[in-house]
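Participant: First the structure, which I've put down as structure tokens, then a few questions once you've had a look.
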Amino acid sequence: MLVLSRHRDESIMIGDDVVVTIVDIRGDKVRLGINAPQDIPVHRQEVYEAIQRENKKAMQVKPGQTRDLGK
């Protein structure tokens, strides 16, 4: 893991297309601004993990089980 120190309004680059900027620091919380191309999904880790769980569940649905979806 790379660990960097940044002050408010300073940024880091990830590759050529993603910029992460420190927007605000309040106590033990840091607000980040992330500028990335629209084709790169950006999620909080807990949201990403929930999406992955739902995708795995969806892959386990058998063809006959989809018949009643949308009713």
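Participant: Going residue by residue through the range 34-46, is there one that turns out to be small (Gly, Ala, Ser) and without any contact (Cβ under 8 Å) to a residue 12 or more places away in the chain?
Facilitator: No, that holds for no residue.
Participant: Condition test on Val30, is it open to solvent by 70 Å² or more (accessible area, probe 1.4 Å) and assigned to a strand (DSSP E or B)?
Facilitator: yes
Participant: Can you find even one residue in the range 5-15 that is open to solvent by less than 100 Å² (accessible area, probe 1.4 Å), assigned to a loop (DSSP other than H, G, I, E, B) and of a type in the set (D, E, K, R)?
Facilitator: Yes: one or more hits.
Participant: So Glu46 fits all but one of (1) surrounded by 10 or more Cβ atoms within 10 Å (Cβ to Cβ); (2) of a type in the set (Asp, Glu); (3) assigned to a helix (DSSP H, G or I); what number is the exception?
Facilitator: Unmet for Glu46, out of (1) surrounded by 10 or more Cβ atoms within 10 Å (Cβ to Cβ); (2) of a type in the set (Asp, Glu); (3) assigned to a helix (DSSP H, G or I): (1).
Participant: Evaluate the following for Arg31: is it touching a residue at least 12 places away in the same chain (Cβ under 8 Å) and among the basic types (Lys, Arg)?
Facilitator: Taking the combined requirement at face value, the residue does not satisfy it.
The values are calculated or read from the model by the stated rules, or taken from the named source; none is laboratory data. Everything numeric in this text was worked out from a predicted model, so none of it was measured. Neighbour counts run over all protein chains shown; Cβ positions are idealised from the backbone, glycine included. Quick note on the areas: whole protein, heavy atoms, side chains included, nothing else; ligands and nucleic acids left out. Shrake-Rupley method; radii C 1.70, N 1.55, O 1.52, S 1.80 Å.
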